[in-house]
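Okay, so here's the structure we're looking at.
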Amino acid sequence: MKALVKSYAKPGLWIEDVPEPEIGINDVKIRVLAAGICGTDLHIYLWDEWSQKTIPVPLVIGHEFVGEIVEVGFNVTDFRPGDRVSGEGHVVCGRCRNCLAGRRHLCAHTQGVGVNRAGAFAEYIVLPMTNIWRHAPEIPLEVAAIFDPFGNAVHTALAFPVLGEDVLVTGAGPIGIMAAAVARHAGARNVVITDLNPYRRELAIKAAKVTRAIDPRETTLQQVQDDLDMQEGFDVGLEMSGNSRAFSDMLASLSHGAKVAMLGIPSPSEMSIDWNKVIFNQLTIRGIYGREMYETWYKMTAMLQSGLDIGKVITHRFAWQDFDEGFQAMRSGNSGKVILDWTV
Ligand code: NAD
Ligand code: ZN
């Protein structure tokens, strides 16, 4: 089969003929229909320091996808050929204390699809049946293709109650924009998003209908609070930029007792925390990784079924053979989600 492979330990990605993956008794084999390019894929493409330490070469990469089941293993009774599904990108051990307690997102032995094991930028992918989510028929194919990052957004945005709250999202990347849309859908009063990139601020207004999308270099969060007649600061912060300045601005603009969910991955050497603000303002800060299996997936579906629309966050589509253009669109920053069509 054809696949996009990290064939060499250097920048780039290569189209290769590789053997079709074989299924075990508990596995499901899926024909990939569409796949999203994640920031992680871009890191691997560019072969940054993290990728050099993490990625075994050669490896089929990619983990955001939708596809159709073509074959199931002997033990698999819940899924059938023809089902339209996505894969949860974290394959957990199933045996540790957290896994056994049903807290699979807290497994300490997670394998990443397209990171530690063969991924989804291929005609076929095989995953354990415990990693499969079957889509409701009304979910649009393209939206189904980005359930993985949509799940990051939902997991973060719903980490704390947002009904009636003033929510600040730092970073209007695709995940920040989806999180803003989720916070609005879940009843937040104001959703303010920040980003340095005007394309992304525009996209946030169009795709998530945020209350304000601001450039923090031009408008301070204090000005926004005054403008919106907010009394004591934001109640909930969703950190989606990985930028230390954005995080410190956020900490300074929260109400006492506010909650912060952090998804953005900072460079540890750059990140500093004003602990006095955390302590005296009694803030709660929570790290978020991946998605809850499968509460987040359930909520994603339920919100789409109850009127949430995240389709506008998808801005670019390419045939999978044109993946280089897709990665360039991602790299430019002037894009939302970029989708590769695997049916062509
Ligand atoms: P992205 O890189 O597309 O978006 C980040 C955005 O932050 C960019 O638009 C950038 O312009 C903006 N930004 C940079 N500096 C800023 C500042 N000072 N103020 C405001 N905005 C600023 O990333 P994404 O794909 O949307 O993902 C969001 C973050 O979440 C990334 O850091 C990513 O690495 C991380 N992530 C974490 C998980 C997890 O499980 N924890 C999963 C996926 C992604
Ligand atoms: Zn485990």
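Bear in mind that the values in this text are calculations on the coordinates, not laboratory data. As the structure is a prediction and not an experimental result, all values here were calculated from the model. Methodologically, a virtual Cβ is constructed for each residue, glycine included, from the backbone with ideal geometry; neighbour enumeration extends over all protein chains shown.
So for the pair residue 322, residue 202, with labels modelled 7 Å out along Cα→Cβ, what separation do we get in nm?
Those two pseudo-labels are separated by 2.0 nm.
Sort the following peptides by mean Cβ neighbour count (other Cβ atoms within 10 Å, averaged over residues), highest first: 25-38, 47-60. Walk me through the numbers on the way to the answer.
Details: 25-38: 22.5, 47-60: 14.9.
The packing order, highest mean first, is 25-38, 47-60.
Given the rule -39500 (n - 2.57) for each run of at least 4 DSSP H residues, summed and divided by the residues of the chain, what is its mean residue ellipticity at 222 nm, to the nearest 500 deg cm²/dmol?
Numbers: 12 runs with 100 residues, N = 344.
Counting only the DSSP helices, I get -8000 deg cm²/dmol.
Applying a 10 Å radius around every beta-carbon, put 222-229, 4-11 in order of their mean neighbour count, most first.
In decreasing order of mean packing, 222-229, 4-11 become 4-11, 222-229.
If I take every Cα pair under 8 Å that is 6 or more residues apart in the chain, average their sequence separation and divide by the length, what percent do I get for the relative contact order? Write down the numbers at each step before the final one.
On the way: 774 pairs, mean separation 59.9, N = 344.
For the chain, the relative contact order is 17 percent.
If the limit is 23 Å between Cα atoms, which of 2/53; 209/299; 209/277; 29/337; 259/299 go over it? Mind showing how you got there, number by number?
On the way: 2/53 26 Å; 209/299 20 Å; 209/277 31 Å; 29/337 25 Å; 259/299 21 Å.
Table pairs above 23 Å Cα-Cα are 2/53; 209/277; 29/337.
With a cap of 13 neighbouring Cβ atoms within 10 Å, and only residues DSSP puts in a loop, list the trypsin sites (Lys or Arg not before Pro) found in segment 69-139. Before the final figure, lay out the partial values.
Values: sites: 84, 95, 97, 103, 104, 117, 134; in loops: 95, 103.
Answer by residue number: 95.
Could you order peptides 154-163, 259-268, 61-70 by the average number of other Cβ atoms within 10 Å of their residues, highest first? Write down the numbers at each step before the final one.
Working: 154-163: 21.8, 259-268: 18.0, 61-70: 24.7.
Descending mean neighbour count gives 61-70, 154-163, 259-268.
Roughly how many nanometres apart are two label points built 7 Å out from the Cα toward the Cβ at residue 265 and residue 282?
It is 3.5 nm.
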